[in-house]
Amino acid sequence: REPRLAMTMGEDSAPAAPMADVPGEADHMQTEEQIGGRGEAAVQQEGGGKGPNYKLKFTLEGHEKAVASVKFSNCGKYLASASADKTVMVWEAHDGKHVCKFVGHTHGISDCAWSTQSDYLCSASDDQTVRVWDLKERQCLKVLQGHTSYVFNCSFNPQSNLIVSGSFDETVRIWDVKSGKCLRVLPAHSDPVTAVQFNRDGTLIVSSSFDGLCRIWDTATGQCLKSLIHDDNPPVSFVTFSPNSKFILAGSLDGKLRLWNYTTGKCLKTYSGHTNQKFCVVSTFLVTGPNKYIVAGSEDGCVYIWDVQSKEVVQKLEGHNDTVVGVSCHPKQNVIASCALTNDKTICIWAEEDSQ
């Protein structure tokens, strides 16, 4: 199975009914609040600023099949990659030196995530499990079993005592890391779950699905607090919280990224220009510099960078020769990692020309 491929929805998969409290897109609205960033620096950008100038720094090779996910560690020292070759690899972020390879999954891996202290990794696999890996000991600590189909995504909470996972079985599960036990099963969606993430204090979880919904969940109770759906109801292929967790950024298979204020249920901004109709392509926020950007992969083999406020594409990074499904931004430096599918199998590291 090609990783991060959007499976065709069945005939019985009716579009979800729009929520009464969710208005149509209000794209003319300004994002008056900050999206957040390093040190909560203001992000309201004055027009006419200098655009980004990212160049290819180096390429990492080692995976034998498509690379589905890349993630910089929170400490900034490491980069993890997960692949359809059933392995998770860890690399030195600054020079690309190979650190270790985790082997244990019996099918391809769609996602990986770091703990807050950068000492553990979790990985989500088509073998229907999540595995927890110890970086220092170079071993698997736990195998989280319970999902009944492919596990597509996983994420630690900030305290790193919980993991949330989303699956093609249409559920979201919350796991206790120490015991490996499933604490809660959320009947979250009516189609495969394409992304899950905790907010910055761990009290909320966001999930997205091919059913067209993004949902906000209360971690403690498992209650659904909000459902967001766009008028056109495109399948949602990815979602993430903004750095300060006041907004969510959702990618969908109509080739659009949408920035939502989930509290009010308003879509504030729409970003387009990339290609996304088939795969679950990751997007993220780039907030290490003075200007704030959105970064996403694309099915044309490029990485796209948008200005958050103007919605303009300010740079397109060309270097892969297959769909770019994964992107990650370094937590401290102006560095981007990207990864691509079967015809490519590489990880590209891009750095701002002026930065180290």
Carbon plus sulfur, as percent of the 1.4 Å-probe accessible area of the chain, comes to 46 percent
Note: the stretch 225-356, point scatterers on Cα, Debye, no solvent; log10 I/I(0) at q = 0.19, 0.20 Å⁻¹ equals -1.07, -1.17
Send over a whole-number figure in Å² for the accessible area per residue of the chain, probe 1.4 Å. 39 Å²
What label, among (1) 0.90; (2) 1.04; (3) 1.09, belongs to Cα Rg over 2.2 N^0.38 Å computed from the structure on display? (1)
For the chain, built as a Gaussian network whose Cα springs stay under 10 Å, the top-fluctuating residue of K181, K136, K311: K136
Among K50/K332; K55/K278; K71/K292; K136/K246; K57/K181, which pairs are too far apart, with a Cα-Cα distance over 30 Å? K136/K246; K57/K181
Comparing H94, H274, H147 in a Gaussian network model of the chain (Cα, 10 Å), the one with the largest mean-square fluctuation is H94
Choice from A220, A80, A195 with maximal GNM fluctuation in the chain (Cα, 10 Å cutoff): A220
With unit charges on the beta carbon (Lys/Arg positive, Asp/Glu negative), name the residue among N321, G222, V88 whose Cα is farthest towards the positive pole of the charge dipole of the chain. V88
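The values are calculated or read from the model by the stated rules, or taken from the named source; none is laboratory data. None of the values given here were measured: they were computed from a predicted structure. Cβ: placed from backbone, ideal geometry, glycine included. Neighbour counts: every protein chain shown. The area values use the complete protein model at the heavy-atom level, side chains included, leaving out ligands, DNA and RNA. Shrake-Rupley method; radii C 1.70, N 1.55, O 1.52, S 1.80 Å.
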